[in-house]
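Chemist: Handing you this structure, nothing more for now.
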Amino acid sequence: MTQFLKYVAGIQRRQMLYGTAATLAFLLVSRVVVARQKPVGKAAGGIAHEAGDKVDLVLDINGQERHLSLDGRTSLLDALRDHLDLTGSKKGCDHGQCGACTVHVDGRRVLSCLTLASMASGKKITTIEGLAGPDGGLHPMQAAFIEHDAFQCGYCTPGQIMSAVACVEEGHADDAAEIREYMSGNICRCAAYPNIVAAIEHAKVAMGRA
Amino acid sequence: MQPFAYTRAHSVKEAVEIIHATDKAPGSKAEGDAQTQFIAGGTTLIDLMKLHVVNPARLVDIGSIEAQREWSSVTADKHGLHLGAMASMAAVAEDKDVLRDYPVIAQSLQLAASAQLRNMASLGGNVLQRTRCPYFRDVSFTACNKRNPGSGCDALHGVNRQHAVLGGSDACIATYPGDFAQSLIALDASVHVAGAKGTRTFPFAELHRQPAETPHVETTLRPGELITGFIVPAAPWTRRSAYLKIRDRASYAFALASAAVALDMADGRVRQARIALGGLATVPWRAKDAEASLAGKPLDERSAAEAAEIAFSQANPREYNAFKVKLGKETLTRALLHVATMEI
Amino acid sequence: MANAAAPEPKENMGQPMPRIDGRLKVTGGARYPSDIRLKEPVYAALALSSIALGSISRFRLDAARAVAGVIDIFTHETLSDAIKEQVMMGQSEQAGYAASTIRPLQSASILHDGQIIAIVVADTFEAATEAARLVAPEYDARTPSATFGSDGVTIEEAAKISKKHEDPKIGDAEAALRTAEVKVDNRYSTPVQHHNPIELFTTSCIWDGPKLTIFEPSQTAHGLRFGVAQQLGMNPDDVHVVSSFIGGAFGSKGATTERTALIAAIAKKLDRPVKFVSSRADAFFVSTYRAETEQRVALAASRDGKLTALIHEGHEVTSRPDGYFVGGTDTTTRMYACPNISTKVSVVHADRKTPGFMRAPAEMPYMFVLESAMDELAETLGIDPVELRRINDTQIEPIKGLAFTSRSLMPCFDAAAAAFRWSERNRKPGAARDGDWLIGQGCATSCYPTMVAPATARVSLMPDGTAHVETAAQDVGTGTYTVVAQMAAERLGIDARHVKVTLGDSKLPPAPVSGGSNVTASVCSAVAKACDAINEKLRGSNSQNLAEQFRRLGVSELVEYAETVAPGASPEGIDQLYKGISALGGGPKLKDRIQYAFGAQFIEVAVHSRTREIRVRRMTGAFAAGRIMNTRTARSQLMGGMIGGIGSALLEATEIDRRYARYVNKNLADYEVPVNADIEALDVILVPETDDKVNAVGVKGVGELGIVGTAAAVANAVYNATGIRVRDLPIRLDALLT
């Protein structure tokens, strides 16, 4: 959120430069979804809804409980992006064919576009926004991606990084060939692949998996 | 996606009871139109629901059944291998027993999809994955007997490079897209199912149905039945086995052709061969005549090529997939020669 | 361990500064247009036609309207007054912005598969997408003409469509071909391709009274602003486009496409912010595509390898109403010395959407053909393919006799050949093996015309040594943010990390389209000029202390705005730029010189001896493109281009069902692009080159260079591996299972 505030502030400054009166402040979300204190555990098992009904969910995302009332069809990806303002996870195909939406659920990399938000209830979800340390320090994988220029447009990057972290933690980063195979579920149309492999080989050392 | 009701089941028993209670029109329509569907990983179902190809009224989420031990376990003993249907593709692909004693199973799982999808997809869901036929997957094409019985088949004279050359009919030539099923069928696996009337076990080879005149009926599962596991019998050929998958790109792609091969060799000759073909047929395809042709022979270029010829003697290619006959033969030949000489 | 991503700068190359937007991109903090949170938005979804030709007789909308949450459904019956006539980008003397003149929802007429026939708006994404699938049109369908060879297509010469195109010609090529000692004369084809950036096509529109704000990933913020204004009949001053981050483009986000103005019109009618995110299947229709081509190239040579004739004919598919073509013969006729050249480009009108530009629009398909033919000629002559290029290398292009501003083709070939160990290649096709794999090596020329456009920028320098650069230029992943900071830092003598760069907003000083590999050259020229003006003001002050100089001048900041045009270009280009038009000039189109970047690519493939799948084992590309601003971002672009070239060579094709003129593989599982496992060893060599004639900063651009020639290098390697010459892309195992 901080970044977005900065971003909007940037627009306003430019607008002043150009002497236009309009403000984009109205674009800002009027409500921020605040984590409430409520145990996740029991609610998780009892989720059910009828067709067309909204479903009330508690999702455990990046260590926070997030309460949502959603169309039952909402994918985990759309819940993150459209309802929680966690837009780091990207929509590239919505059908499990590109990997841009990769998040961790209970410590494993999965595709949030093919996961219903309901199915993720009661599980521990980590997104790109939850990867950096609480002090804002980059995860070694994030730092390695910058250092090795492992992206260009950056759109697939959050998915690549979530996948890369899991790739190392799974023990599938022994050599370049293994990394290439285990990272093939994340398409990079800018084609930073050799740099992605180099970044993972670099980061796995800092992750203690070399 | 059309609206659906959603329930989480807490046991297999509960899951099949919910299905039994809620599926109003069992059996009469295509699986895709079953009113209630189980959902585990969701990798096939959510995909097809977004495309409006499958429109269930109710989902029963079996992904969180708490007593999951048998349901998702991998157990190997002297009788064979038991695979729980809720085990993930990733877990089974990396299981040490499977890797050592049933390499064809590990490889068929490992070479499928992506790491993320293998984490999500269950074995039970995997064997039931639906075809990639573009005319099936795109509801804006009108002629698809599998999706809409009696509507015709746009693939017969359409873009059919990926389509089947084995097991097709004038009603459907959609390819069975999976990999794992080929290893099961090659190894004479059985499948366990649970239904409202109890459980049953039958040969995996009887699970999938060739399209014939009813391509919308893809399996022999009875309405409301749930796959709970697979049994792969121990056999002298399981260790000498491999899965060869040929595709355009190096990973994250469906097979243009694949072969699951297991051999029992003695004194340089084949005692028994087990062969299944993927990417080439409408169902997981067991090539029994080809297997028989190898019995008692040394496995060499000549016997492998003969087996390949036999495997494709009934092939029926179309405009864009004629190459698959040659490719299928070469794939099988290559797989046979590899398995015959692999270190075990 | 050396970091391959950050090559040591050689002569005339800038430092490999990491991307200044890197942190935002690795943390999920970069807000792409669809990431901008709107207040109480409604969601739009498209219904697309399932016929390619005909008209809609009526709609059945009951089922769609009955979906809970649906607000409204817009069709030609309700929105037909929304969109004014529009002019296509770059196809006319008039100011044009649009990808096509086809205006969906303005009549019942259907001119191509996937034409927008209705837009559903609902409270939620789920309701909108559900209802869009329930829109039930009834058609009066006619049999469409799909592509080459289909009944009913019409052929038109490119030279008759556009004054900008003249078929290059010199001497008597047919006569020279007839009497040639050695010749090759073959037909080739390239398929339909879609850009498929991983970011989907998105548009969010918000009205505030008469003012419209559009969040959309765009390669031209100003162009989109004017394009939408033209389509809606608005004052362009009332349109604001924000495109701060773009999730890949490759040409697909260049022209103004149909959906933007429609979404804007709907937002106005509803008086609500409307958010649209296409599906991946929609993405095959929402933007443009690279049209299929059929080409003939004939080459004749004397026994010593000197070219005596070049004939290059190209046919390209386009829509019924629009004569879009790319016409790569402008380039292929400039590659080698040759006394007799004849060319012709024609378009084939079919019932298809209007195509558009995709990475190296003309050069990718046309150079595939020329460079394949060069390899065939080398084989026929028994001359090494590298030497054949050397024999025919020239510093003077043959058509008009103009000198290249710089041309380092052979230094590129020599650098790449050495690194690749080309001399170890077995020239006999099918002779090299590694176990069951047939090994082959091939090479090809890369090139891209050096284009420059008018540009503007504003630079502010603060007393604390920080600076702010503002220009509307876009960063589509190329590194514009970073190289602009580097240029300002270099000129102002400050640390590049102290330069803030603001891009991708139509309220900023206008900049050209991020296309034609021009932006680094064009925008850095403007930035450099503004910085020079600041330096001019600071001159006369003897103090080394910046704060002191500002005090002396009595200012709190120094702000300079600058405009630049290419050397010799008309200053009117700035006026056009202020109307959203990028007056790209250069390449072979100049009167006094010709300017190109060059490269050479070497590729090794392995083809399985039985099953014939093709795997790329290693690739080496050497490129000379004038000044390299940042070796890190330049290498990445070239690498990305080469890998994109592998996609073109081996995988990418949008398949058409000819019966219906419809695409069938509209998804990323069936339209295959390279994945990580497809790319093993890849080496990019940056060859030093200095060129002070192309533009003020001597930059040629590298965004498209890397994809040109790759497919030919692969085809030539496949031939070397198998003895089979494949002249149709993509090269898949089907063609090798003989």
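Nothing in this text is a laboratory measurement; each read-out follows from the coordinates by a stated rule. Since the model is a prediction, treat every value here as computed from it, not as a measurement. Neighbour counts run over all protein chains shown; Cβ positions are idealised from the backbone, glycine included.
Chemist: Using a Cα-Cα cut-off of under 21 Å, which lysines could be cross-linked to C:LYS25, ignoring same-chain neighbours fewer than 8 residues away?
Modeler: Cα-Cα hits under 21 Å: A:LYS6, A:LYS90, A:LYS91, A:LYS204, C:LYS253, C:LYS500.
Chemist: Write down the Å³ per residue value for the convex hull defined by the alpha carbon atoms of region B:169-279. Numbers along the way, then the final one.
Modeler: On the way: hull volume 15.2 nm³, N = 111.
With only Cα atoms used, region B:169-279 gives 137 Å³ per residue.
Chemist: Out of region C:54-152, which trypsin sites (Lys or Arg not before Pro) are coil in DSSP terms and have no more than 16 other C-beta atoms within 10 Å?
Modeler: Numbers: sites: C:ARG58, C:ARG60, C:ARG65, C:LYS84, C:ARG133, C:ARG142; in loops: C:LYS84, C:ARG142.
Taking region C:54-152 and a limit of 16 other Cβ atoms within 10 Å, the loop trypsin sites (Lys or Arg not before Pro) found are C:LYS84, C:ARG142.
Chemist: Here is a follow-up. Give the value in nm², to one decimal: projected area of the alpha carbon convex hull of chain B, averaged over all directions. Don't skip to the answer; put the middle values down first.
Modeler: Working: hull surface 64.4 nm².
If I average the Cα hull's projected area over directions, I get 16.1 nm².
Chemist: Please list the radius of gyration and Dmax for region B:241-340, considering alpha-carbon atoms only, with Å as the unit.
Modeler: 13.0, 44
Chemist: Here's a follow-up. Over region C:626-738, one equal point on each Cα, no solvent: what is log10 I(q)/I(0) by the Debye formula at q = 0.11, 0.14, 0.18 Å⁻¹?
Modeler: Values returned for q = 0.11, 0.14, 0.18 Å⁻¹ are -0.50, -0.73, -0.99.
Chemist: Follow-up question, since we're still on this one. Convex hull over the Cα atoms of chain C, averaged projected area in nm²? The partial results should precede the final answer.
Modeler: Values: hull surface 130.3 nm².
Averaging across all directions leaves 32.6 nm² for the Cα convex hull.
Chemist: For each pair in C:LYS529/C:LYS591; C:LYS507/C:LYS537; A:LYS124/B:LYS13; C:LYS164/C:LYS268; C:LYS10/C:LYS164; C:LYS275/C:LYS507, compute the distance between the two Cα atoms and list the pairs where it is over 30 Å. Please list the in-between numbers first.
Modeler: Values: C:LYS529/C:LYS591 25 Å; C:LYS507/C:LYS537 26 Å; A:LYS124/B:LYS13 27 Å; C:LYS164/C:LYS268 38 Å; C:LYS10/C:LYS164 38 Å; C:LYS275/C:LYS507 21 Å.
With Cα atoms farther than 30 Å apart: C:LYS164/C:LYS268; C:LYS10/C:LYS164.
Chemist: Provide the FRET efficiency to the nearest 0.05 for the C:ARG178-C:ARG427 pair, computing r from the beta carbons and using R0 = 30 Å. Present the calculation step by step, with values, prior to reporting the outcome.
Modeler: Details: r = 29 Å, r/R0 = 0.98.
The formula returns an efficiency of 0.55 here.
Chemist: Here's something else I'd like to know. With only Lys, Arg, Asp and Glu charged, each at its Cβ (+1 for the first two, -1 for the last two), find how big the charge dipole of chain B is about the Cα centre; round to the nearest 20 debye.
Modeler: Values: 38 positive and 35 negative charges, 50 e Å.
My answer is approximately 240 debye.
Chemist: Using amide H atoms built in the peptide plane, which far-off residues or other-chain residues are under 5 Å from C:ARG433 H to H?
Modeler: Amide H to amide H, under 5 Å and 5 or more residues apart or across chains, C:ARG433 pairs with C:ILE439.
Chemist: Please list, by residue number, everything in region C:145-180 whose backbone N is under 20 Å from a paramagnetic label point 7 Å out along Cα→Cβ of B:ALA143.
Modeler: From region C:145-180, the list is C:145-147, C:150-151.
Chemist: For region A:153-160, what does the Karplus curve 6.51 cos²θ - 1.76 cosθ + 1.60, with θ = phi - 60°, yield as ³J(HN,Hα) per residue in whole Hz, taken in order and with x for Gly and Pro?
Modeler: Values, residue by residue: 5, x, 6, 7, 4, x, x, 4 Hz.
Chemist: For region C:203-288, what size does the Cα cloud have along each of its three principal axes, sorted from largest down, in whole Å?
Modeler: Projected onto the principal axes, the Cα atoms of region C:203-288 cover 34, 23, 21 Å.
Chemist: Give the total of Lys-Lys pairs in region B:241-340 with Cα-Cα distances below 18 Å; include a pair only if its members are 8 or more places apart or on different chains. Let's see the in-between values first.
Modeler: Numbers: B:LYS245/B:LYS324; B:LYS245/B:LYS326; B:LYS245/B:LYS329; B:LYS288/B:LYS297; B:LYS288/B:LYS329.
Number of lysine pairs found: 5.
Chemist: For region C:259-323, what is the Kirkwood hydrodynamic radius in Å, using each pair of distinct C-alpha atoms?
Modeler: Numbers: mean 1/r = 0.0599 Å⁻¹.
So the Kirkwood estimate lands at 16.7 Å.
Chemist: Let me ask another. Percent of alpha carbon pairs in region B:47-87 separated by more than 13 Å? Mind showing how you got there, number by number?
Modeler: Working: 543 of 820 pairs.
Every Cα pair in region B:47-87 considered, those over 13 Å come to 66 percent.
Chemist: For region A:132-210, state what percent of all Cα-Cα pairs lands in each successive 10 Å bin, counting from 0 Å until the bin that includes the largest distance.
Modeler: Using 10 Å bins, I get a P(r) of 21, 58, 20, 1 for region A:132-210.
Chemist: Helix hunt in chain B: which complete DSSP H runs extend at least 20 Å axially by C-alpha with mean Kyte-Doolittle at least -1.0? Show your work: numbers first, answer last.
Modeler: On the way: long enough: B:323-341 (27 Å, 0.24).
For chain B, where a helix must reach 20 Å along its axis and average at least -1.0, the hits are B:323-341.
Chemist: Would you work out the Kirkwood radius for region C:394-553? I mean one over the mean of 1/r across all pairs of different Cα atoms, in Å.
Modeler: Numbers: mean 1/r = 0.0511 Å⁻¹.
One decimal place: 19.6 Å for the Kirkwood radius.
Chemist: Name the lysines eligible as straight-distance cross-link partners of C:LYS183: C-alpha to C-alpha under 29 Å, and not fewer than 8 places from it in the same chain.
Modeler: Once the sequence-local lysines are set aside, what remains near C:LYS183 is C:LYS169, C:LYS306, C:LYS344, C:LYS400, C:LYS428.
Chemist: Round to the nearest 0.05 the FRET efficiency obtained for C:LYS10 and C:ASP304 when R0 = 25 Å and r is the Cβ-Cβ distance.
Modeler: Details: r = 35 Å, r/R0 = 1.39.
Plugging the Cβ-Cβ distance into 1/(1 + (r/R0)^6) gives 0.10.
Chemist: In whole Å, what three semi-axes, largest first, describe the equivalent ellipsoid of region C:308-351 built from its Cα gyration tensor (square root of 5 times each eigenvalue)? Before the final figure, lay out the partial values.
Modeler: On the way: eigenvalues 140, 16, 6 Å².
Over the Cα atoms of region C:308-351, the semi-axes work out to 26, 9, 5 Å.
Chemist: Please give me the summed charge of the neighbours of C:ARG280: other residues whose Cβ is under 14 Å from its Cβ, Lys and Arg +1, Asp and Glu -1.
Modeler: Here the count lands on -1.
Chemist: For C:SER609 and B:THR220, FRET efficiency with R0 = 30 Å and r from the beta-carbon atoms, rounded to 0.05? Don't skip to the answer; put the middle values down first.
Modeler: Numbers: r = 40 Å, r/R0 = 1.34.
E between B:THR220 and C:SER609, to the nearest 0.05, is 0.15.
Chemist: What is the set of long-range amide H partners of B:ARG286 at a cut-off below 5 Å, with H atoms built 1.01 Å from backbone N?
Modeler: B:LEU277
Chemist: Follow-up. Could you state the number of Å between the C-alpha centres of region B:181-200 and region C:554-623?
Modeler: If you average the Cα positions of each part, the centres end up 59 Å apart.
Chemist: Which residues' amide hydrogens lie under 5 Å from the amide hydrogen of C:SER346, considering only partners 5 or more residues apart or on another chain, with H built in the peptide plane?
Modeler: Answer set, sorted by chain and number: C:ALA158, C:GLY314, C:HIS315, C:GLU316.
Chemist: Here's a follow-up. Could you give the alpha-carbon Rg of the protein assembly as shown over 2.2 N^0.38 Å, rounded to two decimals? Don't skip to the answer; put the middle values down first.
Modeler: Values: Rg = 30.3 Å, N = 1292, 2.2 N^0.38 = 33.5 Å.
With N residues counted in the protein assembly as shown, Rg over 2.2 N^0.38 Å equals 0.90.
Chemist: For a quick check of your reading of the filter: which GluC sites (Glu not before Pro) in region C:557-631 sit in a DSSP loop and have no more than 15 other Cβ atoms within 10 Å? Can you show the working numbers first?
Modeler: Working: sites: C:GLU557, C:GLU560, C:GLU563, C:GLU572, C:GLU604, C:GLU613; in loops: C:GLU557, C:GLU613.
Passing both the DSSP loop test and the Cβ count: C:GLU557.
Chemist: Pick out, in residue order, every one of the GluC sites (Glu not before Pro) in region C:1-101 that is DSSP loop and has at most 12 other C-beta atoms within 10 Å; say none if there are none. Can you show the working numbers first?
Modeler: Working: sites: C:GLU11, C:GLU77, C:GLU85, C:GLU93; in loops: C:GLU11, C:GLU85, C:GLU93.
Of the GluC sites (Glu not before Pro), the ones in loops of region C:1-101 whose Cβ has at most 12 other Cβ atoms within 10 Å are C:GLU11, C:GLU85, C:GLU93.
Chemist: To the nearest 20 Debye, how big is the dipole of region A:39-130 about its Cα centre, given +1 on the beta carbon of each Lys and Arg and -1 on that of each Asp and Glu?
Modeler: On the way: 11 positive and 12 negative charges, 68 e Å.
The dipole magnitude comes to about 320 debye.
Chemist: In chain C, what percentage of the DSSP-assigned beta bridges are antiparallel, given to the nearest 5?
Modeler: Values: 95 of 126 bridges.
If we restrict to bridges inside chain C, about 75 percent are antiparallel.
Chemist: List, largest first, the extents of the alpha carbons of region C:1-86 along their principal axes, each in whole Å.
Modeler: Largest first, region C:1-86 extends 66, 34, 27 Å along its Cα principal axes.
Chemist: Further question on the same structure: Which value in deg cm²/dmol, rounded to the nearest 500, describes the helix-derived mean residue ellipticity at 222 nm for chain C, given -39,500 (n - 2.57) per DSSP H run of n ≥ 4 and division by the residue count? Intermediate values should be presented prior to the final figure.
Modeler: Numbers: 19 runs with 186 residues, N = 738.
Taken over chain C, the calculation gives -7500 deg cm²/dmol.
Chemist: Helices from chain C with mean Kyte-Doolittle at least 0.5 and a Cα length along the axis of 27 Å or more, per DSSP H: which?
Modeler: The qualifying helices are C:519-538.
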